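Have a look at the structure below before the remarks.
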Amino acid sequence: MKMPGLFGMIQLGSGLVFAIPLGIIGVEFLRMGRLAFGIAFVVLAAVMVVLPEYVSRRVGGPRDWIRRRLPWRRE
């Protein structure tokens, strides 16, 4: 497994900045007995962390995306 680079770490950190508070809100809703909102917030927090990583691995980085669209750089 390849270790993430600098931009990958920045991407993960920025995702966690928003996902952690949302996950905490979800856990608090679950503790109060509001299951629908609690589960929704926890799932949304997980998606905020996992989806960008999945998309970047699936599509590739910006450089890979641009290279695939340039007609003279086909590989």
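The values are calculated or read from the model by the stated rules, or taken from the named source; none is laboratory data. What you are looking at is a predicted structure, and each value in this text was computed from that prediction instead of being measured. Every residue, glycine as well, gets a Cβ built from its backbone with ideal geometry; the counts of neighbours run over all protein chains shown.
Details
- Looking at Arg63, Arg67, just one residue is within 21 Å of Gly5 (Cα to Cα), loosely packed, with under 13 Cβ neighbours inside 10 Å and at pLDDT below 85, and that residue is Arg63.
- Hey, Met3 exposed (fewer than 11 other Cβ atoms within 10 Å of the Cβ) and at pLDDT 95 or above or not: no
- Long-range neighbours under 6 Å by Cβ, at least six apart or interchain, first residue among the aliphatic types (A, V, I, L, M) within region 49-75, second at pLDDT 75 or above: Val49/Gly15; Val49/Ala19
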